[in-house]
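Right, one structure below, let's go through it.
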Amino acid sequence: MPTTALDLARLRETMRRPVRTDDIHELKGTEAPVRRDASGNLPRRRLGPVRRAILESLDDHRMTRYELWKKARAYCGTLSRSAVYEYLRGARDIGVEYAEALMVAANLTVVGKGAPPRKDRA
């Protein structure tokens with residue numbers, strides 16, 4: 001059945017209306033949508049402690065991001081170069097396996113603070 005002029009008019013009118021997302025079940029309880037700035041750029045992510053430590057280690061060891069990626073591939077063969085670059089730039093997050101590979105390649109270890117001392121012990 002061919003599309004009629006009435007069908008096209010109805011579709012165009014529907015496309016002009018705002019989309020209501022409050023009744024979409026999958027969106028309940030999720031984060032607010034990311035907003036672009038006036039020039040269309042996505043906001044930068046804040047540097048977390050792991051990302052900051054990796055970047056500082058690169059500076060300390062005079063290692064490039066490419067060298068870091070090459071070393072990290074020995075610990076995680078599926079780690080892509082773009083994932084490393086985008087993560088360090090703050091444009092994406094990565095999983096634990098990738099983060100661990102980057103930390104080992106950057107000569108970093110995680111050290112816990114341990115349990116706080118109990119007050120009843122002297």
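The values are calculated or read from the model by the stated rules, or taken from the named source; none is laboratory data. Being a predicted model, the structure only gives us computed values, none of them experimental. Positions of Cβ are backbone-derived with ideal geometry, glycine not excepted, and every protein chain shown enters the neighbour counts. Note: areas computed on protein heavy atoms with side chains; ligands, DNA, RNA excluded. Shrake-Rupley method; radii C 1.70, N 1.55, O 1.52, S 1.80 Å.
What number of residues in region 84-101 are among the small types (Gly, Ala, Ser), modelled with pLDDT under 95 and over 16 Å from residue 52 (Cβ atoms)?
Of the residues in that region, 1 qualify.
Let's see how each residue does on (1) out of contact with any Lys or Arg (no Cβ under 9 Å at 6 or more places or on another chain); (2) open to solvent by 100 Å² or more (accessible area, probe 1.4 Å); (3) on the phi < 0 side of the Ramachandran plot:
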| residue | (1), (2), (3) |
| --- | --- |
| 34 | yes, yes, yes |
| 37 | yes, no, yes |
| 40 | yes, no, no |
| 43 | no, no, yes |
| 50 | yes, no, yes |
| 54 | yes, no, yes |
| 57 | yes, no, yes |
| 66 | no, no, yes |
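So which pairs qualify, if the first residue must be in region 3-22 and outside any loop (DSSP other than H, G, I, E, B), the second must be of a type in the set (Ser, Thr, Tyr), the Cβ gap must be under 9 Å, and the two must be at least 6 apart or on different chains?
Qualifying pairs under 9 Å: 11/3.
Check 82, 39 and return the single one that is part of a helix (DSSP H, G or I) and among the small types (Gly, Ala, Ser). Explain how you work it out, then say what you get.
Numbers: 39 fails: part of a helix (DSSP H, G or I).
From the options 82, 39, the qualifying one is 82.
Give region 73-118 a look and list any residue that's open to solvent by less than 100 Å² (accessible area, probe 1.4 Å) and either in contact with a strand residue (DSSP E or B) (Cβ under 6 Å, 6 or more places away or on another chain) or among the acidic types (Asp, Glu) (or both), or say none.
86, 93
Does residue 26 satisfy being modelled with pLDDT of 85 or more, over 20 Å from residue 91 (Cβ atoms), surrounded by fewer than 10 Cβ atoms within 10 Å (Cβ to Cβ) and more than 19 Å from the chain's Cα centre (by Cα)?
Numbers: modelled with pLDDT of 85 or more: no; over 20 Å from residue 91 (Cβ atoms): yes; surrounded by fewer than 10 Cβ atoms within 10 Å (Cβ to Cβ): yes; more than 19 Å from the chain's Cα centre (by Cα): yes.
No: the conditions fail for residue 26.
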